[in-house]
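To keep things clear, I will list the structure first and then write my remarks on it.
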Amino acid sequence: MQAHGRYAAVGAAAALGVAMRLDAATLSSVLGAAATPIGPAPRNHLEQGVLIRNAWAASGAWNGIMAVEWAVCGTGGLPHFFHDVYVTVLGGEPHPSRS
């Protein structure tokens with residue numbers, strides 16, 4: 001999978017949340033909300049030059065911005081969002097001891 005579809009929303013949400021000086025609990029909720037609507041972004045689209053890949057970053061940025069709005073209004077994600085999305089849903093392998 002290509003990273004743009006998986007991480008753009010989380011990156012945008014984190015940047016905006018930090019810029020807004022959100023407290024830790026709200027920022028966690030923001031990141032949880034941002035991780036939820038991510039897309040799998042198939043890597044072969046990138047390799048074959050499929051142009052829809054250019055929309056992944058924009059879509060992710062919009063979702064990240066909206067995640068801040070949603071979480072500030074009380075619609076956020078669960079505290080264990082990274083595990084739920086990146087391990088349970090996408091099948092990633094956690095390495096908590098790595099820094």
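Points worth noting:
- ILE65 versus ARG98: modelled label distance in nm, points set 7 Å from Cα along the beta carbon direction: 3.2
- Note on the range 1-60: the alpha carbon radius of gyration divided by the globular reference 2.2 N^0.38 Å gives 1.26.
- Heavy-atom accessible surface of the chain, averaged per residue, reaches 62 Å², computed with a 1.4 Å probe.
- Among the DSSP helices (H) of the chain, those spanning at least 20 angstrom by Cα along their long axis with an average Kyte-Doolittle hydropathy of 0.0 or more are 3-19, 53-72; this is a geometric and hydropathy rule only.
- Measuring gaps between exposed loop sites in the chain (trypsin sites (Lys or Arg not before Pro); DSSP loop; at most 14 other Cβ atoms within 10 Å), the longest gap, sites not included, is 22-97.
- Taking every alpha-carbon pair under 8 Å whose residues sit at least 6 apart, the chain reaches a relative contact order of 39 percent.
- Farthest towards the positive end of the charge dipole of the chain, among the residues TYR86, TRP56, VAL18, is the Cα of TRP56, using unit charges on the Cβ of Lys, Arg, Asp and Glu.
The values are calculated or read from the model by the stated rules, or taken from the named source; none is laboratory data. Keep in mind it's a predicted model, so treat the numbers as computed, not measured. FYI the Cβ positions are ideal-geometry reconstructions off the backbone, even for glycines, and counts take in every protein chain you see. What goes into the accessible areas is simple: the full protein's heavy atoms, side chains included, and nothing from ligands, DNA or RNA. Shrake-Rupley method; radii C 1.70, N 1.55, O 1.52, S 1.80 Å.
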